[in-house]
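The values are calculated or read from the model by the stated rules, or taken from the named source; none is laboratory data. The model shown is predicted, which means the values in this text are computed figures rather than measured ones. Neighbour counts are summed over all protein chains in view; Cβ atoms, including those assigned to glycine, are modelled from backbone coordinates with ideal geometry.
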Protein chains: 4
Amino acid sequence: MPEDRLFGPLSTTPEMAAAVSDEAWLRALLRFEAALARAEAKAGLIPVAVAEEIAAATSAGGFDLTGIGQRAAASGTPVVPLLEALRGRLSPAGVQSLHRGATSQDAVDTALMLVARHGLELLAADLEGLAAAAAGLARTHRATAMAGRTLLQQALPTTFGLKAAGWLVAVLEAADRLESYRRSRLAVQLGGAAGTLADLGGSALAVRQALAEDLRLAEPVLPWHTARARVGELGAALALAAGTAAKIALDVILLSQTEVAEVAEPAAPGRGVSSALPHKRNPVLSVEAVAAARGVQAQAGLLLGSLVQPHERAAGEWQAEWAAVSESFRLTGGAVARMREVLEGLEVDPERMRSNLAVTGSTGSAEALVDLALQTYQRRRHD
Amino acid sequence: MPEDRLFGPLSTTPEMAAAVSDEAWLRALLRFEAALARAEAKAGLIPVAVAEEIAAATSAGGFDLTGIGQRAAASGTPVVPLLEALRGRLSPAGVQSLHRGATSQDAVDTALMLVARHGLELLAADLEGLAAAAAGLARTHRATAMAGRTLLQQALPTTFGLKAAGWLVAVLEAADRLESYRRSRLAVQLGGAAGTLADLGGSALAVRQALAEDLRLAEPVLPWHTARARVGELGAALALAAGTAAKIALDVILLSQTEVAEVAEPAAPGRGVSSALPHKRNPVLSVEAVAAARGVQAQAGLLLGSLVQPHERAAGEWQAEWAAVSESFRLTGGAVARMREVLEGLEVDPERMRSNLAVTGSTGSAEALVDLALQTYQRRRHD
Amino acid sequence: MPEDRLFGPLSTTPEMAAAVSDEAWLRALLRFEAALARAEAKAGLIPVAVAEEIAAATSAGGFDLTGIGQRAAASGTPVVPLLEALRGRLSPAGVQSLHRGATSQDAVDTALMLVARHGLELLAADLEGLAAAAAGLARTHRATAMAGRTLLQQALPTTFGLKAAGWLVAVLEAADRLESYRRSRLAVQLGGAAGTLADLGGSALAVRQALAEDLRLAEPVLPWHTARARVGELGAALALAAGTAAKIALDVILLSQTEVAEVAEPAAPGRGVSSALPHKRNPVLSVEAVAAARGVQAQAGLLLGSLVQPHERAAGEWQAEWAAVSESFRLTGGAVARMREVLEGLEVDPERMRSNLAVTGSTGSAEALVDLALQTYQRRRHD
Amino acid sequence: MPEDRLFGPLSTTPEMAAAVSDEAWLRALLRFEAALARAEAKAGLIPVAVAEEIAAATSAGGFDLTGIGQRAAASGTPVVPLLEALRGRLSPAGVQSLHRGATSQDAVDTALMLVARHGLELLAADLEGLAAAAAGLARTHRATAMAGRTLLQQALPTTFGLKAAGWLVAVLEAADRLESYRRSRLAVQLGGAAGTLADLGGSALAVRQALAEDLRLAEPVLPWHTARARVGELGAALALAAGTAAKIALDVILLSQTEVAEVAEPAAPGRGVSSALPHKRNPVLSVEAVAAARGVQAQAGLLLGSLVQPHERAAGEWQAEWAAVSESFRLTGGAVARMREVLEGLEVDPERMRSNLAVTGSTGSAEALVDLALQTYQRRRHD
């Protein structure tokens, strides 16, 4: 992926950009190698002192990330040059024990899970904030009448509270899906060259268990080198989260139209400025969220299509996952954070909502439905 | 979608084709209207006798499906002409009570859930059969050595049992995802024109509850007219199931290559025949499964992209979901059923597996891993 | 694909549905076999009388389409059972000469091109009508001032004529792309079992040329069994046409909003009716066009992804193309025809456009730009 | 998009990475502003000296790319902070004339076209090299018999020359599509805030023409702010080029299988090395090409879906294009360059091709077809 200095900040947050950065991936790869050595020491396969030497080498810093990347193309994975770099820091005993019984994909897939865990934590926080903001709007505007619009035509009155409650419930569901993934699907990868754990002898399963414990990842039944639903699910869950943010964004954009003017994004110096039109105040955060979500959808299609992989290791399908996962986090993080900021400071104009109403009728059970949504939110917070 | 007589049978099963057929959708729409009337009668909104009249009218058969479809384009939904057809069968009291408080999308979304439930039941049965077949192969070939292949190069020995165990675990996970969806996400839709349940007064939530019970669907917190993650999740889960079947298919195709010849699809009169080459035996069921999975992936992209819908009713995004969901079931059903048939009758050549082995080494923990997978399968069956 | 009676009419036209129907495909397959026989007779490979017998058998009608489809699954193609059916109608000499030197894919790919040609002709007519309608609006409203809206905010004045001129130019480009495809890319397929034209001896290229002439298709340099850019291009060109229609549809939907109300779709009895709200007039044709375009985009993704096919015949990638191409035509035809109908009868409210204007300024070169667009249109018509 | 140091080099070339880098975009944006000032000076709208001042300021270097990117998020475009930075370098007269009559999208879209032109030039060179390599293989192996494989089963003999000729023709077509795009579709964007060229008075069209000439881009009939087929076409053409490279890659991967071993990627120190298996020689360049093509396909779906944009400026759809176009070039460049390298050094084993042949028969017109393909190639080179 190209660098991200010019356009990148338009579609992510600095925190999420860091969480899926080259440096983060490198740290995760090193963490795998250190944890593997410790697990093998625990199982008696290598001396504890050697494991400590390996762990120390991985955490010493100073890796030439650029050089590793450049040498990665020859083997198709950054693990080969990374191991070379590590070996240069190790004693002969360390060299012999490093990466023992593992294959490149073990390191990359486990690193992916570690990177994903951090990304999921950041998303959880922003989704929580987004939910709180939506809940606040639902509460405040529980009885604020406005037009319900179907096919973009005014249909019957609704309340802004119910609209915000709809956002709230959708955000809670998105957060639940990601949390459920985080709890049950983040797993270690360890299979060795052909997925048989061949070089770890009778200790193989003990090593795998110790590795999973060390990294606080689940232990899968089998190596999942070419069983990629785990990654496809993640892509889908991220697309659903980004799409949820973009649905809110679309509503904000439509409600911000000059002719509707029922809400406005929070004002800030320079925000929403046009290069040609000083009077304009564009719903720019929402626009950026919509743009980001479109990018996530594209990556989700790739990730769902990546399940069809040959034999014991893919020939291109897996290798396309790395950037797709990073990019999905980067953009989902951007979309969710933006909509959190929008809803936390949303300017709502109940007067205008009332005066725009061109249809008459009751708001039905809107208030009762808002209460149901808020109860759901409260229950969830006290769990 | 075009008719399905010429190419359709290549990519589905007769049972799944029926489950998502026009007739099935029509029945589900009628079932919604009948159940709604009963629920409203239970809540005291309409007389019980009128509800019975409506229910009888919906089950009398003889609807002009073709005519309803042709008239649907004017209103953008088949519900408008369907209600017209029903009204022609009802007393004035029935006409007045029919579809009371509901909107077209209530009927279509609930029908979608009913159609999906049937589709999920069919899939569950075929996934169970596919898992059983994979488990059988894993057990039988627990110790059958073969080449483990990475990037399509022989890497180290593995066992055919471990390969089949990998299929098994992936199939179990696909089945679990769909079962989890079936249990928790199939929900009734009832919101009325603007999602406020406006025309049902104080009985609205009681009607919704009774409707959900009548149809054995969950009751959502809020109407989900434009909160479409429920449908996006379904699309993703189907794509993951179809992709799982296609991964097995790809392995079978690759293992069936003339130069590899380690497995062959079950023979049957006329199967795998070429129009030009009588000697060939094509892995045609696996090929059809791969083709079907590609179609499901395309639809999953559409469904994940459909979350971004305006206000209280979509202007095209929702309307694109109907065919996408039907098609996803149709093709996923085809892919899974074909791979079940393939694995149930797979011809395995352990001799050839051995003689093809160009690499040496132990099969590591392959047998222990197979046992782990089979234990997982057994535990699950006894739950 | 499922049958199309209930939802199908919402997304296509009867003419396009017929053009890509089972019957149309069957006719095209039969036409290939007849033309091949004639070409082989012309090259002296088979007797003229036998070619005539084959041609007569293909045009006799009465083929059991349903039965052929059901038997297709065994061989993975409807060509095998179709040839069986034809053989039952032929003398021994006819049986011997039928399909000589051809493979199933030769028949299916050539049929696809014949089906596509008809689909392109239908699209060309509707795009022409759509362009004429847009040109009419551009001319009539050359000086009709309205708000130019960027990011859905009023920015500066523009004219409705310029908006319509923008639609016009986009439609002309879409038509040009499809016409360019029709002229240069519709090609015959003939390669035989391995793409070497092995069974046609020294006459092979003469047969290919005669076949191409008979069917009025181009002759490709090589068989394109696994060189699928020809199909991917078609999918992309259709997606661009459908997307062009959907862009117009989105503008119509947005301009029809209750709060904007600057245009309305042409009225017709029953059109835009809501099952819950008699007062509403939904922009239903535009909504259907947007929905259809989303389906085309999904299929275009599949078709662009289908280039990666193994060796001399695909193992699933090609087989997924058939439905994707038919569906792309079906939906593109629906989207374009609907927007033609919309623009031909669009109700425009210049008063409202003026009164909605919340920004001031000149309309710049809008009129000069409209004139440029109309000149482009005129030049093109007189070519 | 995330930075590209660790995984980036696996999927692109240094040249293409530079062509779509932040720096390249920044230069293109600056070039637009300079050329616009010169065009306005030529039209007499601003003094020539001021235009020269602006041009000098744009080429002085030293822009704080990172700072510009960080400030871009507030306005949704890097143009606003870039203009601020430029203004700091200009006299009051320069400030007043800078970006006159233009809108941010004019700058970004024109920059996109300039970036695309460079990307297309790099691709053209590598496609030419790839074609030459394929032609060389076709010539050398014109009569080298090998198995033709359909559905991955040996069908009939073919020649390796014909296979290479198939690659050649596909590459020529991919190059032609991109060249045709480069010649006819690279166009300047200039419309001003609402697409009416409002602030340029009667000189507007003269300015547009001079701008196009200055940048050697075509002049479109109308501003294309929300007529995005131009970008969708580019995305599709890149996906077709990447898919063409990946089809060759898939063939190389399949022919390199241990059990087939008919070709091997060119050897190089460290290439194809496995972290676990020193004996392996993975077809790593082809694997990287397949991976890259999958990423391009995902972006093409996004770009084809971006045609549906509201009114005169998109609210997210356009903003998603920037990264998608850069990424499409980055990955297509990587895929094509890798396959050029592979074919330029491909190790072919005619002995093994012969001994693998399990089917008998003539190679038909394979040699005549190779000659046709080579003639096409020669004719094209002498045009």
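Brief remarks on what is shown
- Every residue from region A:208-233 that is facing another protein chain (nearest Cβ under 9 Å) and in a loop (DSSP other than H, G, I, E, B): A:P220, A:V221, A:L222, A:P223, A:W224, A:H225, A:T226, A:A227, A:R228
- Checking each residue in region B:115-164 for being under 24 Å from A:A315 (Cβ atoms) and charged (D, E, K, R) picks out B:R149, B:K163.
- A single member of C:A170, C:A187, C:A155 is surrounded by fewer than 24 Cβ atoms within 10 Å (Cβ to Cβ), touching a residue at least 60 places away in the same chain (Cβ under 8 Å) and in contact with a Lys or Arg (Cβ under 8 Å, 6 or more places away or on another chain), and it is C:A187.
- Selection of first residues in region D:313-324 that are on the phi > 0 side of the Ramachandran plot and of second residues that are buried (at least 24 other Cβ atoms within 10 Å of the Cβ) and of a type in the set (D, E, K, R), restricted to Cβ pairs under 7 Å at least 6 apart or on distinct chains, gives the following pairs, ordered by first then second residue: D:G316/A:R294.
- Hey, D:A93 part of a helix (DSSP H, G or I), over 21 Å from D:W224 (Cβ atoms) and without any contact (Cβ under 8 Å) to a residue 40 or more places away in the chain or not: no
- Taking the criterion of being more than 9 Å from chain D (Cβ to nearest Cβ) and farther than 22 Å from A:A93 by Cβ, the residues of region A:25-42 that qualify are A:R27, A:A28.
- Selection count, region A:262-277, where residues are of a type in the set (K, R) and more than 27 Å from the chain's Cα centre (by Cα): 0
- So B:V287, is it surrounded by fewer than 24 Cβ atoms within 10 Å (Cβ to Cβ) and in a helix (DSSP H, G or I): no
- Qualifying residue in region C:54-65 (condition: more than 30 Å from C:A337 (Cβ to Cβ), surrounded by 19 or more Cβ atoms within 10 Å (Cβ to Cβ) and in contact with a Lys or Arg (Cβ under 6 Å, 6 or more places away or on another chain)): yes
- Subset of region B:150-182 (residues that are closer than 30 Å to D:A261 by Cα, assigned to a helix (DSSP H, G or I) and not charged (D, E, K, R)): B:F160, B:G161, B:L162, B:A164, B:A165, B:G166, B:W167
- Extreme residue, surrounded by the most Cβ atoms within 10 Å (Cβ to Cβ), among residues of region B:248-277 that are more than 7 Å from chain C (Cβ to nearest Cβ) and assigned to a helix (DSSP H, G or I): B:I248
- Which listed residue is touching a helix residue (DSSP H, G or I) at 6+ places or on another chain (Cβ under 8 Å), under 29 Å from D:V296 (Cα atoms), in a helix (DSSP H, G or I) and more than 7 Å from every other protein chain (Cβ to nearest Cβ), from A:A300, A:A323, A:A337, A:A293: A:A337
- Taking the criterion of being hydrophobic (A, V, I, L, M, F, W, C) and part of a helix (DSSP H, G or I), the residues of region D:1-28 that qualify are D:L10, D:M16, D:A17, D:A18, D:A19, D:A24, D:W25, D:L26, D:A28.
- Residue in region A:29-40 that is under 28 Å from the mean Cα position of the chain (by Cα), in a helix (DSSP H, G or I) and among the acidic types (D, E) present: yes
- Condition check for C:Q297: over 18 Å from D:A236 (Cβ atoms), at pLDDT 95 or above, out of contact with any Lys or Arg (no Cβ under 7 Å at 6 or more places or on another chain) and among the polar types (S, T, N, Q): no
- Residue under evaluation B:K280, criteria (1) of a type outside the set (S, T, N, Q); (2) within 12 Å of chain C (Cβ to nearest Cβ); (3) touching a residue at least 40 places away in the same chain (Cβ under 8 Å), criterion not met: (3)
- Looking only at region B:343-380, and only at residues there that are within 15 Å of B:M146 (Cα to Cα), assigned to a helix (DSSP H, G or I) and in contact (Cβ under 8 Å) with a residue 60 or more places away in the chain, the one that is nearest to the other protein chains (Cβ to nearest Cβ): B:A366
- Every residue from region A:184-202 that is of a type in the set (A, V, I, L, M, F, W, C), in a loop (DSSP other than H, G, I, E, B) and at negative phi: A:L186, A:V188, A:L190, A:A193, A:A194
- Filtered residue count, region B:199-247, keeping only those that are surrounded by 24 or more Cβ atoms within 10 Å (Cβ to Cβ) and at pLDDT below 95: 0
- Every residue from region C:133-145 that is among the small types (G, A, S) and either free of Cβ contacts under 8 Å to residues at least 12 places away in the same chain or surrounded by fewer than 17 Cβ atoms within 10 Å (Cβ to Cβ) (or both): C:G136, C:A143
- D:V308 in contact with an Asp or Glu (Cβ under 9 Å, 6 or more places away or on another chain), at the interface with chain A (Cβ under 7 Å from one of its Cβ atoms) and more than 27 Å from D:H118 (Cβ to Cβ): no
- Residue-level analysis places A:A18 among those that are within 28 Å of the chain's Cα centre (by Cα), surrounded by fewer than 20 Cβ atoms within 10 Å (Cβ to Cβ) and under 28 Å from D:A291 (Cα atoms).
- The single condition among (1) in contact with a Ser or Thr (Cβ under 8 Å, 6 or more places away or on another chain); (2) at the interface with chain C (Cβ under 7 Å from one of its Cβ atoms); (3) closer than 25 Å to A:V308 by Cβ that B:A315 does not satisfy is (3).
- Selection status of B:L205, part of a helix (DSSP H, G or I), in contact with a helix residue (DSSP H, G or I) (Cβ under 8 Å, 6 or more places away or on another chain) and free of Cβ contacts under 8 Å to residues at least 24 places away in the same chain: yes
- Residues satisfying the stated conditions in region C:50-78, i.e. away from chain B (no Cβ under 14 Å) and free of Cβ contacts under 8 Å to residues at least 40 places away in the same chain: C:E52, C:A55, C:A56, C:A57, C:T58, C:S59, C:A60, C:G61, C:G62
- Verdict on A:A147 being facing another protein chain (nearest Cβ under 9 Å) and not in a helix (DSSP H, G or I): yes
- Residues of region B:1-55 that are in contact with a helix residue (DSSP H, G or I) (Cβ under 7 Å, 6 or more places away or on another chain) and among the hydroxyl-bearing types (S, T, Y): B:S11, B:T12, B:T13.
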